[in-house]
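This report concerns only the one structure given below.
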There are 2 protein chains.
Amino acid sequence: MELYTTPDYSVRLDLARRLADRARELTLPLFANPGAAQNKGTVSDYDPVTQADMDAERMMRDMIRTDLPDDTIIGEEFDDHIGSGTWSWTLDPIDGTRAFLAGVPVWSTLIAVSYNDTPVIGLIDHPALAQRFVGHGGKAYREDGSGTAQIRARPCKDIRDIVLGCTEPLAMFSAGERASYEMIRRTARFSRLGLDAYGYAMLASGRMDMILEALLKPCDVRALIPIVEGAGGIITGWHGESPIHGGRVVAAGDPDILEQVYPYLRRAMDS
Amino acid sequence: MELYTTPDYSVRLDLARRLADRARELTLPLFANPGAAQNKGTVSDYDPVTQADMDAERMMRDMIRTDLPDDTIIGEEFDDHIGSGTWSWTLDPIDGTRAFLAGVPVWSTLIAVSYNDTPVIGLIDHPALAQRFVGHGGKAYREDGSGTAQIRARPCKDIRDIVLGCTEPLAMFSAGERASYEMIRRTARFSRLGLDAYGYAMLASGRMDMILEALLKPCDVRALIPIVEGAGGIITGWHGESPIHGGRVVAAGDPDILEQVYPYLRRAMDS
């Protein structure tokens, strides 16, 4: 029996969606009108992101512990809860806090469910875009007001054809990493910046071909894996290792193309 | 009698909105599903951006020439139409073509109306975000499904507090320009990339404080001016000169802060 056909799996897929629904209710009003929230605050440096982050994570943790008390919970804002079972949750209530503050709608809520430490359900919810991307059962889907559609990454065999993404090359790379990035960017068709998790969703949707980043947190990356892989893409560390611990991450819509870029990535990291 | 209270002005404000409405009908389906358009095309390198760009500009030109045959029309895709009157239109049917291709919803349609070569009406329409920003009569507004709201830039007197925007620092700056940008970025609170005209809209909305760019086309910049200025901000060239010819442009939500950054901008440009 495949894992994804079990009741244990489907109860968690259902709960992940409900967590995202509830998180939207908390985060979206603060995104649309952070000033109003700010004026209600009594502390002078009140930060609507921090507030939305903490409120949403606390709420999601409570929902998980009520329904599935044996599951481990790892989140950005609070201490890890180590459960007795084989299932774990990784939560990032607001990925893209800079986007959230600057009024840019690509920020998201990231939810991952892992079984024996392998991510098997991934969810990227974009409240301000009314779009959700979910990876489960070895496939990937976009869910929005008009329904659910399976998404697929696209083939791309030549580095000169890639649409490349990276959130902040000037802030996230060391000098050696930036040299790798620059070599690939100058060869690529074009690059697009400032996307956070939305870039991985566009890769899984066949709109972009490669995302190259560093300094990712484990909370950032786990939710992306079932979506990128479910769409037929690949996501690894810069040496081809497992990406689940974050750090330097590369994703490609076409698995074949990664063999062409690993040498670039290794060279600059050795310098 | 103020210009913006004249019938000549209001007929153009009304027409600008109708142009944007019609452009949405052409561009939005191609953004949502470029593959479908691609499969219908007979040319192998069919480009949905080029197609949407040309179709939308042709349609807007036809509408202007029908209603206001004496107005000058300057657009991205076709030759200038030099009219006999004092009014001119500047059209960019798709600003942010890379965003459009990569599935990122910040691309926009830019429409500017100038009187004696001074931009007096500016419109940024974001079809995929269902948002529109309009500057007219010395004020700026956001228009969306829930109505119209006046927007205002925010005060920010210290460079260390600014939220800085730039679409593509690695691709749009020369070495000297990039040095200026880097000095300001490292001093700023944080930066946010990949926004095209949406960054100027967020500056006018009080969510960002400074946008620093180069290589802008005249078609890119004219529509931004009445919106940034109508919100209480300022937009100039890097030497403080008029920005209407594009090139190096800096915008600030708080006019006072520009005096602090001009020395940075001049120094790197001299190197």
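The values are calculated or read from the model by the stated rules, or taken from the named source; none is laboratory data. Model, not experiment: these values are computed from the prediction. Don't worry about glycine lacking a Cβ; one is built from the backbone with ideal geometry, like all the others, and counts go over all protein chains shown. Keep in mind that these areas ignore ligands, DNA and RNA; they rest on the heavy atoms of the full protein, side chains included. Shrake-Rupley method; radii C 1.70, N 1.55, O 1.52, S 1.80 Å.
Condition check for residue B:133 on (1) open to solvent by less than 40 Å² (accessible area, probe 1.4 Å); (2) within 26 Å of residue A:169 (Cα to Cα): one failure, at (2). Can you find a residue in region B:245-260 that is without any contact (Cβ under 8 Å) to a residue 60 or more places away in the chain and among the polar types (S, T, N, Q)? No, region B:245-260 contains no residue that is without any contact (Cβ under 8 Å) to a residue 60 or more places away in the chain and among the polar types (S, T, N, Q). Report yes if residue B:135 is in contact with a strand residue (DSSP E or B) (Cβ under 6 Å, 6 or more places away or on another chain) and touching a residue at least 12 places away in the same chain (Cβ under 8 Å), otherwise no. So residue B:135 passes the test.
Can you name every residue in region A:84-95 that is open to solvent by less than 20 Å² (accessible area, probe 1.4 Å) and in a loop (DSSP other than H, G, I, E, B)? Matches in region A:84-95: none. Of the listed requirements (1) within 14 Å of chain A (Cβ to nearest Cβ); (2) under 21 Å from residue B:129 (Cα atoms); (3) small (Gly, Ala, Ser); (4) open to solvent by less than 10 Å² (accessible area, probe 1.4 Å), residue B:191 misses just one: (2).
Against the criterion of being of a type outside the set (Gly, Ala, Ser) and over 23 Å from residue A:92 (Cβ atoms), residue A:166 does not qualify. So if I check each of A:214, A:204, A:231, which one is over 13 Å from residue A:92 (Cβ atoms) and touching an Asp or Glu at 6+ places or on another chain (Cβ under 8 Å)? Going through A:214, A:204, A:231 in turn, the sole match is A:214. Selection within region B:158-178: residues that are surrounded by fewer than 16 Cβ atoms within 10 Å (Cβ to Cβ) and out of contact with any strand residue (DSSP E or B) (no Cβ under 8 Å at 6 or more places or on another chain). The member of this set that is farthest from the other protein chains (Cβ to nearest Cβ) is B:176.
Once region A:194-221 is narrowed to residues that are assigned to a loop (DSSP other than H, G, I, E, B) and of a type outside the set (Lys, Arg), the residue that is nearest to the chain's Cα centre (by Cα) is A:196. Just give me the residues in region B:60-76 being part of a helix (DSSP H, G or I) and touching a residue at least 40 places away in the same chain (Cβ under 8 Å), in sequence order. Matches in region B:60-76: B:60, B:63, B:64, B:67. Considering B:213, B:259, the condition of being crowded, with 23+ Cβ neighbours inside 10 Å, closer than 18 Å to residue B:162 by Cβ and outside the structural domain of residue B:109 (by TED's automatic domain parsing) is satisfied by B:213 alone. Between B:55, B:79, the distinction of being over 30 Å from residue A:197 (Cβ atoms), open to solvent by 10 Å² or more (accessible area, probe 1.4 Å), part of a helix (DSSP H, G or I) and more than 14 Å from chain A (Cβ to nearest Cβ) belongs to B:55 only.
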